[in-house]
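Accompanying notes for the structure given below.
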Amino acid sequence: MPDKKNDSESIQAKMRELDDLKNTFVALVSHELRTPLNLISGYLDLSLEELEKNPDVARKYLKIVEKNTHKLTRVVQELTDFTRLQLGKEITYLDPIPIGEAFIQTYELLKPNLKKKNINLDVDLSREIQNLRYDGEGLIILFRNLLSNAAKFSTTGGKVQVIGKCDADQAVISIRDWATPIPEDKQETIFEDFRQLENYLTRRYEGMGLGLAVARRTALFLGGNIKLDVGEDGNTFRILLPLDSVQD
């Protein structure tokens, strides 16, 4: 006979887990939105006050506004991608574009952040890889989240390497950083929703903890996956995409 007591305990444990996840989500959204919004509001007021009498000070304040505007944009983008995937909106290949074009578009989006940290981006995408066509939105989501993740955890002046080639029946695009190696017990949990290596109250890095979860789900929708290889001097995220899903 079924063990009703164990079933009940399992259901209760799952409900507690979902409740914890809900509370984490509310806390994360509140934290990630409230802080930059308060700074934007405050420094805009100060900028207006200093605009005519002290333009240099106003410019300094506006830089702070710009930085926090970028933070808000990233949070909204993460939430948008996450919601889209939660609703089960699968990739439909309405707008297939070459991998090379998608990478350039993504680089243009991320260039200001890469320059601010003086990240050296070393790219080697084979011509064959560059010409493969997949859903444009999906490719940009993959590149944006994985490159942002690599840059975020790299030191200022660090290096991120991107290598793309065809291997048997799949396209393989590796994004490597020289950041602190991800601990073994975290190598799968980082792909879960709202997961980061640090507690949201004590962590050093901004973000909702959705980037890698969204990237892996997008890769799965494209018929592929994302694998993580961790070495002594950094981490490599490999995007795997099936060649039989290439669009003409």
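Values in this text are rule-based calculations from the coordinates and carry no lab data. Quick caveat, the model's predicted, so the values are computed rather than measured.
Below, the figures for the structure above:
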| item | result |
| --- | --- |
| Fully extended contour minus Cα-Cα distance, from K186 to E101, at 0.36 nm per residue | 27.3 nm |
| Nonlocal amide H pairs with L210, under 5 Å, H built at 1.01 Å | F194 |
| Base-10 log of normalised Debye intensity for the range 97-245 (one unit scatterer per alpha-carbon) at q = 0.12 Å⁻¹ | -0.46 |
